[in-house]
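One structure is given here, and the rest of the page talks about it.
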Amino acid sequence: MTEGDGEGEDAGRMTKRRTTLEDGRYLIYFTFDGVGEASGAEGAAAPEPLAEAEAAEERDV
Amino acid sequence: MSELRWNPLLGEWVATATHRQGRTFLPPADFCPLCPTKPGGFPTEVPEAGYDIVVFENRFPSLRPAPPAPAIEGSELYPVRPAGGQCEVIVYTPRHDSTLAAEPVEQIYKLVRVWVDRFRELGAQPYADYVFIFENKGEAIGVTLHHPHGQVYAYPFVPPRVARELAESLAHRERTGRCLVCDIVGEERDDGRRVVAENESFVAVIPFFARYPYEVHVYPLRHRQALTDMTDGELRDLASVLKAVISAFDRLFDISFPYMMVLHQRPTDGGSYEHYHFHVEFYPPLRTQAKLKFLAGSEMGAGMFINDTLAEEKAAELRSKVEPVVWGERSVGA
């Protein structure tokens, strides 16, 4: 079986290949294409050591 | 033999799994069952190479989709039930001598995507009321295989620790109209002393109420109940903050730092859990480079943890070891 995970092209493609082992258990191989430098991660991916104290905008949801 | 036995004193299920006594214990690297099978070599759990991450049903499960009938008869006081559910192993990488901290952030992001997939697929199964994703790392935790891997348990009930968090979250919502974890995030960020790292989507803290010296919680800044609620940018930010935290763990004492990592998400039993808030918790057992935090009389017998350290001091120590996470470059060290 091969399928995407519905995350869209920007997320990079995830492929699943499901097989059955000799004892009947399943095993799934996951491979990915194009996840390395997709947009959206840069900048957001570098945690700062100590954040400015500010409440999350949506914290009272 | 495997079954669930009810503990009427605590109101919780205990799984018996006697077949697990015979599982593989700390094999030499040449006989690692989680490495891909080499041509002409002994057959491992993973027949082929050429993957990023692999998932398979645990050979020694404590829960299974078609469980045997209990081997013992229950009673009104002691109910028993079949140990239904699922136990999966997630092998993080084909590389035997790696750790999650040593993997590049892109690989951790791939793992996060696999977590999403397993939560979605297992959570849709009729036997799965709760999908629990976790990693036990290091011999100090009791791991039996060194190859980097984690696990997924699909429980046929909501486990008691999560049930307690759900109850406290609901009570807080009813009392204040707000989300409990959103309030924790706000208070931790307002104070700042216990913040270890953060990015646009997540904050990592040693919380005010930490039970272990280096207990880190990773909270999404936005109100999310599960990984499946998150955007791709948030999943990438989760990978980044996890990379920052576990790399800082390794830098603390220049060792591969042992920990338990657990993901707390909403149940998958069809209920409404809008009041709940996803988070990741780390329970590292070390309190110094050479000393373990043992769970002793007070912790095990009374349920009250005694933390010999201050969260504010330990957070400052760990924060000093956090380094920026860069995408598109191979990580070094660890």
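None of the figures in this text is laboratory data; all of them are computed from the coordinates on show. Given the structure is predicted, the values throughout are model-derived calculations rather than measurements. Cβ placement follows ideal geometry from the backbone for every residue including glycine, while neighbour counts extend to all protein chains displayed.
Some notes on this structure:
- Ordering B:Ile90, B:Ile246 by the number of other Cβ atoms within 10 Å of each residue's own Cβ, fewest first, gives B:Ile90, B:Ile246.
- Remark: chain B carries a charge dipole of roughly 380 debye about the Cα centre, counting +1 on each Lys and Arg Cβ and -1 on each Asp and Glu Cβ.
- Three-way shape call for the protein assembly as shown based on the alpha-carbon gyration tensor, with the a/c threshold at 1.5: rounded
- Here the calculated FRET efficiency for B:Phe42 and B:Ser320, from their Cβ-Cβ distance with R0 = 41 Å, stands at 0.35, rounded to the nearest 0.05.
- Cα-based shape type of chain B, given that a ≥ b ≥ c are square roots of the gyration tensor eigenvalues and the cut on a/c is 1.5: rounded
- For B:Ala197, the residues whose modelled amide H falls within less than 5 Å of its own, excluding neighbours fewer than 5 places apart on the same chain, are B:Ala204.
- The order of B:Glu174, B:Glu88, going from fewest to most other C-beta atoms within 10 Å of their C-beta, is B:Glu174, B:Glu88.
- Value of relative contact order over chain B, rounded to a whole percent, pairs C-alpha under 8 Å and six or more apart: 18 percent
- Between B:Asp191 and B:Ser298, the modelled labels are 1.9 nm apart [label points 7 Å from Cα along Cα→Cβ].
- Helical mean residue ellipticity (222 nm; -39500 (n - 2.57) per DSSP H run of 4+; nearest 500) of chain B: -8000 deg cm²/dmol
- Placing unit charges on each Cβ (+1 for Lys and Arg, -1 for Asp and Glu) gives chain B a dipole about its Cα centre, and among B:Gly328, B:Tyr92, B:Met230 the Cα reaching farthest toward its positive end belongs to B:Tyr92.
- Choice from B:Glu299, B:Glu12, B:Glu139 with maximal GNM fluctuation in chain B (Cα, 10 Å cutoff): B:Glu299
- Spin-label model, A:Arg13/B:Arg178: points 7 Å from Cα along the beta carbon direction are separated by 4.6 nm.
- Inter-probe distance in nm under a simple model that places probes 7 Å from Cα toward Cβ, at A:Glu22 and B:Glu139: 3.1 nm
- All other residues whose Cβ lies under 15 angstrom from that of B:Arg5 are scored, Lys and Arg at +1 and Asp and Glu at -1, for a net of -3.
- Counting every other Cβ atom within 10 Å of each residue's Cβ, B:Glu200, B:Glu73 order from fewest to most as B:Glu73, B:Glu200.
- For B:Gln225, the amide hydrogen comes within under 5 Å of the amide hydrogens of B:Phe278, counting only partners 5 or more places away or on other chains and with H modelled in the peptide plane.
- Annotation: extensible slack from B:Ala29 through B:Leu170 equals 46.0 nm (criterion: 0.36 nm per residue apart, minus Cα-Cα distance).
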